[in-house]
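Enquirer: First the structure, which I've put down as structure tokens, then a few questions once you've had a look.
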Amino acid sequence: MITSVFKKSTPINLFLVVILMLVFFFISLFQDLSWTNSVISILKKGGLFLILLGSVFITNFICKKNGLSKDSSYAIFFYFLFLLFFPSVLGNTNLILSNFFILLALRRLISLQSLKASKEKIFDASLWIFVASLFHFWCILYLVLVFISIIFHVARDYRNWVLPFIAFVAVGIISIGVSLIFKKDIFGYVTDSAIFNFKIDYFTNNYQNLAFSIYATVALFFVVSMFLSLSSKPLLLNSSFKKIIASFFIGLVIFAISPNKSNDLLIFTIAPLAIMATSHIEVKQLQLKQELVLGVLILCSLFAFFSQL
């Protein structure tokens, strides 16, 4: 029953996910009403929700435009469910912005399989990654995905290998200019952010620990499913799914090494995991099995969300 609702991509399905996101977004915000005292704060929260919504639809666009999913709404629904595991991330402006820019980069890198305007796509993706790193420094690791994409598709042209460095110079010059105008210490930000912290001892309560454990189990299930089904994917899409897998593991590395660690950092794994989950649920199988997977995931995400409020 649940799977049949999202089996097709219709305006009603999209509207339903938007409404659900809006409801849960406000539920998380109502834990602290200080933002309602200022019009600027209200506008900021509204803008944050739009960026969050944009991230969901970019993920859906990546799936549909590149043939990674059928004509369904599973990707946006899975993205919504995975977000519920970490309610505190809904108020984390820097991580939401950095994840949004990473998704813009991922969109360009996945579409590189068409071999059209490859140089523009490599430059754009690199640019977005450097912009994302201004909000969370370790997003710079996604440059690895740029070079993986070059190896997969356009390794023979040496100019493609130079483009990420040109993007770095462009973002660097703009960042220095902005920092001088607004008297911000961009170099201090880099030195303070470029540090490692491998400790996972940040849990303030058992429910955060439990949410992390459930999410890790769910992620393991869908990642293993993806590895097992990768050989059966169409050859044309094989490299795209490999980039999705690589994106997921880069997100895990960012979580593992980032300072000021929290579950919120797992936001970088949500989009690739939603795409892998969509791939799993769309494989021809017993409907009862599909319903069971989706039903358990819904229950787990709701439990994780409300237990952490």
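The values are calculated or read from the model by the stated rules, or taken from the named source; none is laboratory data. Every value quoted in this text rests on a predicted model; they were computed, and no experiment measured them. Cβ atoms come from the backbone with ideal geometry, glycine included; neighbour counts cover every protein chain shown. Remember, those area values only see protein heavy atoms, side chains included, never the ligands or the DNA or RNA. Shrake-Rupley method; radii C 1.70, N 1.55, O 1.52, S 1.80 Å.
Enquirer: I'm checking my understanding of the structure. Among residues of region 20-43 that are in contact with a Ser or Thr (Cβ under 9 Å, 6 or more places away or on another chain) and over 13 Å from Leu90 (Cβ atoms), which one is least open to solvent (accessible area, probe 1.4 Å)?
Expert: Ser41
Enquirer: Here's a follow-up. Out of Leu237, Leu228, Leu266, I need the residue that is within 27 Å of Cys300 (Cα to Cα) and under 21 Å from the mean Cα position of the chain (by Cα). Which one?
Expert: Residue meeting the stated conditions: Leu266.
Enquirer: Might you check whether a residue that is in contact with a helix residue (DSSP H, G or I) (Cβ under 9 Å, 6 or more places away or on another chain), of a type outside the set (Gly, Ala, Ser) and open to solvent by 40 Å² or more (accessible area, probe 1.4 Å) occurs anywhere in region 78-91?
Expert: No - not one qualifying residue is present in region 78-91.
Enquirer: Give the residue that is least open to solvent (accessible area, probe 1.4 Å), with candidates limited to residues of region 102-123 that are free of Cβ contacts under 8 Å to residues at least 24 places away in the same chain and assigned to a helix (DSSP H, G or I).
Expert: By that ranking, first place goes to Lys121.
Enquirer: I need every pair where a residue in region 296-309 that is assigned to a helix (DSSP H, G or I) has its Cβ under 6 Å from the Cβ of a residue that is open to solvent by 80 Å² or more (accessible area, probe 1.4 Å), sequence separation at least 6 or different chains.
Expert: Sorted first by the residue in region 296-309, then by its partner, the pairs are Ser307/Tyr207.
Enquirer: Among the residues of region 255-267, is any open to solvent by 20 Å² or more (accessible area, probe 1.4 Å) and part of a helix (DSSP H, G or I)?
Expert: yes
Enquirer: I'm trying to understand the selection: among the residues of region 1-30, which are part of a loop (DSSP other than H, G, I, E, B) and farther than 17 Å from Leu84 by Cα?
Expert: Correct list: Met1, Lys7, Lys8, Ser9, Thr10.
Enquirer: So, in region 269-291, of the ones that are within 18 Å of Ser72 (Cβ to Cβ), open to solvent by 10 Å² or more (accessible area, probe 1.4 Å) and of a type in the set (A, V, I, L, M, F, W, C), which residue ends up nearest to the chain's Cα centre (by Cα)?
Expert: Going through the qualifying residues, I end up with Val283.
Enquirer: A follow-up question, please. Looking at Gln285, Gln290, Gln308, which one is out of contact with any helix residue (DSSP H, G or I) (no Cβ under 7 Å at 6 or more places or on another chain), farther than 30 Å from Leu145 by Cα and polar (S, T, N, Q)?
Expert: Gln285
Enquirer: So if I check each of Ile250, Ile245, which one is assigned to a helix (DSSP H, G or I), under 21 Å from Asn197 (Cα atoms) and open to solvent by 10 Å² or more (accessible area, probe 1.4 Å)?
Expert: Only one candidate passes the filter, namely Ile250.
Enquirer: For Phe203, all conditions in the list (1) modelled with pLDDT under 90; (2) more than 21 Å from the chain's Cα centre (by Cα); (3) assigned to a helix (DSSP H, G or I) hold save one; what is the number of the exception?
Expert: (3)
Enquirer: Could we say that Asn209 is at pLDDT 90 or above and either within 30 Å of Ser301 (Cα to Cα) or in a helix (DSSP H, G or I) (or both) here?
Expert: So Asn209 fits the description; yes.
Enquirer: Tally up the residues in region 146-188 that are open to solvent by less than 100 Å² (accessible area, probe 1.4 Å) and either touching a residue at least 12 places away in the same chain (Cβ under 8 Å) or not β-branched (Val, Ile, Thr) (or both), please.
Expert: Number satisfying all stated conditions: 23.
Enquirer: Which members of region 31-44 meet the condition of being without any contact (Cβ under 8 Å) to a residue 40 or more places away in the chain and part of a helix (DSSP H, G or I)?
Expert: Those that are without any contact (Cβ under 8 Å) to a residue 40 or more places away in the chain and part of a helix (DSSP H, G or I): Leu33, Ser34, Trp35, Thr36, Asn37, Val39, Ile40, Ser41, Ile42, Leu43.
Enquirer: Please work out which residue is surrounded by the most Cβ atoms within 10 Å (Cβ to Cβ), limiting yourself to region 134-145 and to residues that are closer than 17 Å to Arg108 by Cβ and in contact with a Leu (Cβ under 9 Å, 6 or more places away or on another chain).
Expert: In this case the residue turns out to be Tyr142.
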